[in-house]
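Q: One structure follows; several queries about it will come next.
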Amino acid sequence: MKVPADPGAIAKAAELLARGELVAFPTETVYGLGARADRSDAVARIYAKKGRPAENPSIVHAATAEQAFALARDVPAVAHALASAFWPGPLTLVLRVSAGAVAPEVVAGGDTIALRVPAHPTAQALLRASGLAVAAPSANRSTRISPTTAAHVEKELGSDLYILDAGPTGFGIESTIVDATLPTLVVLRRGSIGLEAIGRVAPAVDQGDHVVAEGQKRKAPGAFSRHYAPSVPVVTAARSEIRRSAAELSRSIPQHKNGGVITIGVVPELDDTRLRVEALASEPEGFARELYAAMHRLEDAGVGFVVVEAVPDDDAWKAVSDRIRRAAR
Ligand code: TXA
Ligand code: MG
């Protein structure tokens, strides 16, 4: 059930976590599905609820950098520098896991751990109230669109789940994941913090576009090709090609369902079509904030396909174009 994230609800959620139960909560990126990270039975509930493959490890959330780093060993100076620059905030750091710090299921039996100190006041309050490190992937079924509202979580995972509702999230796409276990920083997933900002702290290699076909052994966990995807086909098209692309898709969909379009700002040429148009912001931050919600709305409206306007090929749009590419596979 969705519950307004007031102090009483946060206390109740902390109690559920302490007992090993699941709680969904907002972060500044997307909503997470949390369980205490130190108990296998609790973490197993996350994987069962999401239908998540056991070999995909989960991000561990802590209230402070100190608490987060306590779960890791051999923490390099650059990790401390990144933490001072971006924590609390939408950065996830991959470090060597300290033996026995969390249940083995959290790290999928590996020797690294992904750590994040979220800035969202509700996430902070929950982590502080529970005093726990909380494993929390995004609160969606595996490979599906991430939730940016409590209603999205309920749609994905059902109403028997305790969901702290603090309205829509601020960033709208997931945290940037940086591997700090190697001699050079490697960005494993593009996200809410831009590559340029990471690069100002230390040089980083961008492997955010690394994708792995389903069934193939992954290099970077979470790099599966189909991810962040609505239940209908998604294609991208340049603005001038949107109409043609939509017409083609309508013909190929037997039920002749209406299509949806996601555009960068308003596109007047589409006004006279039967397409359901979601005109998002024309700058990347605003577009990112609205992208998943727009996909959820189109899906809920029963569209047969989604055409997404191709975004500019520059750094500021990289995280967004990465999510669209994965949705479109
Ligand atoms: O913004 C976010 O990061 C959200 C909020 C809830 O914090 N969480 C999130 O979690 O996006 P999830 O599980 O949907 O994505 C976590 C990604 C996965 O791709 C996973 O493979 C990767 O983090 N990951 C987890 N542990 C890792 C590790 N030890 N090494 C490399 N990647 C790891
Ligand atoms: Mg996810």
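Here, each number is a calculation from the coordinates, and none is a lab measurement. A quick note: this is a predicted structure, and the numbers were derived from the prediction, not measured. Cβ placement follows ideal geometry from the backbone for every residue including glycine, while neighbour counts extend to all protein chains displayed.
Q: On the basis of being surrounded by 17 or more Cβ atoms within 10 Å (Cβ to Cβ), out of contact with any strand residue (DSSP E or B) (no Cβ under 7 Å at 6 or more places or on another chain) and assigned to a helix (DSSP H, G or I), does Arg323 make the cut?
A: yes
Q: Determine whether Asp313 is farther than 24 Å from Ile253 by Cα and assigned to a helix (DSSP H, G or I).
A: Judged against the criteria, Asp313 is not a match.
Q: On to the next question. Can you pull out every residue in region 68-108 that is within 22 Å of the chain's Cα centre (by Cα), free of Cβ contacts under 8 Å to residues at least 40 places away in the same chain and part of a loop (DSSP other than H, G, I, E, B)?
A: Correct list: Trp87, Pro88.
Q: Moving to a separate point now. Looking only at residues that are outside any loop (DSSP other than H, G, I, E, B) and touching a strand residue (DSSP E or B) at 6+ places or on another chain (Cβ under 6 Å) in region 14-31, which one is nearest to ligand 2 (Cβ to nearest atom)?
A: Our first condition is that a residue be outside any loop (DSSP other than H, G, I, E, B); within region 14-31, this holds for 14-18, 23-26, 31.
Still in the running and touching a strand residue (DSSP E or B) at 6+ places or on another chain (Cβ under 6 Å): 16-17, 23-25, 31.
On the way: Leu16: 21, Leu17: 20, Val23: 17, Ala24: 13, Phe25: 15, Tyr31: 10 Å.
Only one residue fits best here, namely Tyr31.
Q: On to the next question. For residues that are surrounded by fewer than 16 Cβ atoms within 10 Å (Cβ to Cβ) and more than 23 Å from Gly167 (Cβ to Cβ), scanning just region 109-128, find the one that is farthest from ligand 2 (Cβ to nearest atom).
A: Across region 109-128, the extreme among qualifying residues is Asp111.
Q: Every residue in region 134-189 that is assigned to a loop (DSSP other than H, G, I, E, B), over 23 Å from Arg326 (Cα atoms) and either more than 11 Å from ligand 1 (Cβ to nearest atom) or basic (Lys, Arg) (or both), please. Can you show your working first?
A: First, the residues of region 134-189 that are assigned to a loop (DSSP other than H, G, I, E, B): 136-137, 139-143, 145-149, 158-162, 166-175, 180-184.
Going one step further and asking which of them are over 23 Å from Arg326 (Cα atoms), we end up with 158-162, 166-167, 180-184.
Passing the criteria: Gly158, Ser159, Asp160, Leu161, Tyr162, Ala166, Gly167, Leu182, Pro183, Thr184.
Q: What pairs come up if the first residue lies in region 171-186 and is without any contact (Cβ under 8 Å) to a residue 12 or more places away in the chain and more than 18 Å from Val117 (Cβ to Cβ), the second is within 16 Å of ligand 2 (Cβ to nearest atom) and in a loop (DSSP other than H, G, I, E, B), and their beta carbons are under 7 Å apart, counting only those six or more places apart or on different chains?
A: Within 7 Å, no pair qualifies.
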